[in-house]
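Note sheet for the following structure.
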Amino acid sequence: KGDFHGHQVFRIVPKDDVQLALVRVLEDILDLELDFWRWVTPVDVRVPSHSLQVVKTYLENHCIKYFTMIKDLQALLDEEQRQMKSIAP
Amino acid sequence: AGNTDTFHYTTYHTLSEIYSFQDMLVAENPKLVSKTVIGQSYEGRPLNVLKFSTGGSNRPAIWIDTGIHAREWVTQASGIVFAKKIVTEYGTDSAVTEILNRMDVFLEMVVNPDGYHFTHTNNRMWRKNRKQNRGSTCVGVDLNRNWNAGFGGHGSSNNPCSEIYRGTRAHSEPEVKSIVNFVRSHGNIKAFISIHSYSQMLLFPYGYTRKPAKDQAELDQVAQKAITALASLYGTSYRYGSIITTIYQSSGGSIDWTYNQGIKYSYTFELRDTGHFGFILPANQIVPTANETWLALKVIMDHTFKNPY
């Protein structure tokens with residue numbers, strides 16, 4: 001089963017279309033394995049652990065505002081599973 | 001064996017649990033609910049549609065679907081709540097009763113069963129169906145880019161590895177083709193509402209072109225009324241408008257196709273996240289989400305009922 005340990009979801013708030021275009025560039029860098037949850041502003045993107053530093057540096061270098069929406073995705077998924085199992089027939 | 005009164009609406013369910021729920025609802029309400037299998041998914045799962053009908057033949061109908069994108073779990077869960085609401089409100093809620101006395105409602109709770117099952121067993125973040133794409137190691141087609149409405153245009157991808165991969169041709173996917181065949185053969189569907197998550201929006205055509213829909217003024221007015229009703233429960237704030245002006249350009253979407261088929265009241269919802277959970281909306285928000293959405297759905301259904309065309 002998919003393992004999302006260390007994955008975070010960033011909410012990125014581009015201030016204009018130029019910054020939005022810079023964010024969209026990230027989508028084409030396949031090695032980053034980014035998963036865009038929302039393309040509309042604000043942009044939400046799931047970032048695997050191996051790409052966290054690169055994405056953070058990129059956003060900061062371009063002065064693009066962002067914050068961590070989900071700090072530990074796997075923790076949320078574990079909780080979701082726990083809750084389902086507790087009620088499963 | 002359980003029943004639909006003791007069913008846990010406040011948790012997420014596996015595909016087999018949802019299918020069991022459907023069978024229970026039919027068994028408990030044989031004069032109101034029936035199940036139609038409109039086709040099979042790529043992996044051979046049944047594509048179940050619940051029909052809510054008080055009789056008649058080929059009555060004007062309202063279509064509601066949830067779960068075209070596998071990981072948007074709150075949509076499939078909301079579909080379960082809507083189904084139960086329809087049967088409990090028939091005979092007790094005057095609007096629902098009047099609608100069902102003259103019209104049928106069709107509800108497809110899991111448009112993408114293969115993808116949904118995959119989110120439970122392998123990858124919770126899966127969006128597309130599970131089609132093996134020839135010549136690629138990447139799996140799946142985005143079922144909301146596969147419709148014959150601006151197919152292949154901007155806002156979709158021809159790369160099988162993309163989350164918005166459109167497929168090889170319009171209606172190539174059995175999950176889409178089954179609905180297309182059903183809508184065409186029925187011929188009397190008056191409203192088509194497709195439900196997604198998340199970002200809190202109520203949208204209408206078009207997504208593939210900036211050309212305004214010819215009914216834009218009316219669609220806009222109904223949308224405003226619907227989101228006002230939705231907000232009346234918990235204050236949840238929605239944006240509304242055409243897809244292309246409100247979110248982004250997206251080609252090959254379901255409601256653009258249905259609108260072009262002459263189904264005037266074609267809408268798509270993007271349900272909650274009022275907090276910051278995205279696709280991992282906590283299960284305790286299922287019922288509130290469904291309840292508020294139901295109010296908006298009723299506005300659209302009631303408007304459709306009162307404005308025959």
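The values are calculated or read from the model by the stated rules, or taken from the named source; none is laboratory data. Computed from a predicted model, the values in this text were never measured in an experiment. Here the Cβ positions follow ideal geometry from the backbone for every residue, glycine too, while neighbour counts run over all protein chains shown.
So residue A:84 passes all but one of these: (1) among the hydrophobic types (A, V, I, L, M, F, W, C); (2) within 12 Å of chain B (Cβ to nearest Cβ); (3) not in a helix (DSSP H, G or I). Which condition number does it fail?
The failed condition is (3).
For residue A:66, which of the numbered conditions (1) among the aromatic types (Phe, Trp, Tyr); (2) away from chain B (no Cβ under 11 Å); (3) not in a strand (DSSP E or B) fails to hold?
(3)
Need at least 2 residues that are in contact (Cβ under 8 Å) with a residue 40 or more places away in the chain and within 14 Å of chain A (Cβ to nearest Cβ) per element, so show me which strands (runs of 3 or more DSSP E) inside the stretch B:1-72 make the cut, counting only ones lying wholly within it. Steps first, answer last, please.
On the way: elements: B:33-40, B:46-52, B:61-66.
Where strands (runs of 3 or more DSSP E) fall fully within the stretch B:1-72, none carries at least 2 residues being in contact (Cβ under 8 Å) with a residue 40 or more places away in the chain and within 14 Å of chain A (Cβ to nearest Cβ).
In the stretch B:225-235, is there at least one residue being more than 26 Å from residue B:77 (Cβ to Cβ) and either free of Cβ contacts under 8 Å to residues at least 40 places away in the same chain or within 18 Å of the chain's Cα centre (by Cα) (or both)?
So far as the stretch B:225-235 goes, no, none of its residues is more than 26 Å from residue B:77 (Cβ to Cβ) and either free of Cβ contacts under 8 Å to residues at least 40 places away in the same chain or within 18 Å of the chain's Cα centre (by Cα) (or both).
Of everything in the stretch A:15-33 that's assigned to a loop (DSSP other than H, G, I, E, B) and within 11 Å of chain B (Cβ to nearest Cβ), which residue is surrounded by the fewest Cβ atoms within 10 Å (Cβ to Cβ)? Write out each step before concluding.
Of all residues in the stretch A:15-33, those assigned to a loop (DSSP other than H, G, I, E, B) come to A:15-16, A:28-29, A:33.
Filter once more, so that each one left must be within 11 Å of chain B (Cβ to nearest Cβ): A:28, A:33.
Numbers: A:28: 8, A:33: 12.
Ranking the candidates gives A:28 first.
Show me the strands (runs of 3 or more DSSP E) entirely contained within the stretch B:173-285 in which 3 or more residues are buried (at least 18 other Cβ atoms within 10 Å of the Cβ) and not acidic (Asp, Glu). Before you say what the answer is, go through the steps one by one.
Working: elements: B:189-197, B:201-204, B:239-242, B:265-271.
In the stretch B:173-285, B:189-197, B:201-204, B:265-271 are the strands (runs of 3 or more DSSP E) which contain 3 or more residues that are buried (at least 18 other Cβ atoms within 10 Å of the Cβ) and not acidic (Asp, Glu).
Using the structure shown, decide if residue A:12 is crowded, with 17+ Cβ neighbours inside 10 Å, within 11 Å of another protein chain (Cβ to nearest Cβ), at negative phi and among the β-branched types (Val, Ile, Thr).
Details: crowded, with 17+ Cβ neighbours inside 10 Å: yes; within 11 Å of another protein chain (Cβ to nearest Cβ): no; at negative phi: yes; among the β-branched types (Val, Ile, Thr): yes.
In short, no.
Residue-by-condition table, conditions (1) away from chain A (no Cβ under 14 Å); (2) not basic (Lys, Arg):
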site: B:93; (1), (2): yes, yes
site: B:102; (1), (2): yes, no
site: B:105; (1), (2): yes, yes
site: B:123; (1), (2): no, yes
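Take the conditions in contact (Cβ under 8 Å) with a residue 60 or more places away in the chain and closer than 30 Å to residue A:66 by Cβ and apply them to residue B:293. Does it pass? Working first, answer last.
Details: in contact (Cβ under 8 Å) with a residue 60 or more places away in the chain: yes; closer than 30 Å to residue A:66 by Cβ: yes.
When the stated conditions are applied, residue B:293 passes them.
Take the residues in the stretch A:7-47 that are β-branched (Val, Ile, Thr) and more than 18 Å from residue B:273 (Cα to Cα); name whichever of them is modelled with the lowest pLDDT. Give the steps one after another, and end with the answer.
So the first thing to find is which residues in the stretch A:7-47 are β-branched (Val, Ile, Thr), and the list is A:9, A:12-13, A:18, A:23, A:25, A:29, A:40-41, A:43, A:45, A:47.
Then drop every residue that is not more than 18 Å from residue B:273 (Cα to Cα), which leaves A:18, A:23, A:25, A:29, A:47.
Working: A:18: 96, A:23: 95, A:25: 93, A:29: 88, A:47: 97.
Filtering the stretch A:7-47 for residues that are β-branched (Val, Ile, Thr) and more than 18 Å from residue B:273 (Cα to Cα), the one modelled with the lowest pLDDT comes out as A:29.
For the stretch B:154-172, enumerate the residues that are of a type in the set (A, V, I, L, M, F, W, C) and either exposed (fewer than 15 other Cβ atoms within 10 Å of the Cβ) or without any contact (Cβ under 8 Å) to a residue 40 or more places away in the chain (or both). First the steps, then the outcome.
Looking only at the stretch B:154-172, we keep the residues that are of a type in the set (A, V, I, L, M, F, W, C), and these are B:161, B:164, B:170.
Correct list: B:161 only.
Could you list all residues from the stretch A:34-55 that are under 17 Å from residue B:243 (Cα atoms) and either away from chain B (no Cβ under 12 Å) or part of a loop (DSSP other than H, G, I, E, B) (or both)? Reasoning before the result, please.
Going residue by residue through the stretch A:34-55, those that are under 17 Å from residue B:243 (Cα atoms) are A:37-43.
Those that are under 17 Å from residue B:243 (Cα atoms) and either away from chain B (no Cβ under 12 Å) or part of a loop (DSSP other than H, G, I, E, B) (or both): A:39, A:40, A:41, A:42.
Tell me, yes or no, whether the stretch B:54-64 has at least one residue that is buried (at least 17 other Cβ atoms within 10 Å of the Cβ) and either within 24 Å of residue B:117 (Cβ to Cβ) or out of contact with any strand residue (DSSP E or B) (no Cβ under 7 Å at 6 or more places or on another chain) (or both).
There is at least one residue in the stretch B:54-64 that is buried (at least 17 other Cβ atoms within 10 Å of the Cβ) and either within 24 Å of residue B:117 (Cβ to Cβ) or out of contact with any strand residue (DSSP E or B) (no Cβ under 7 Å at 6 or more places or on another chain) (or both).
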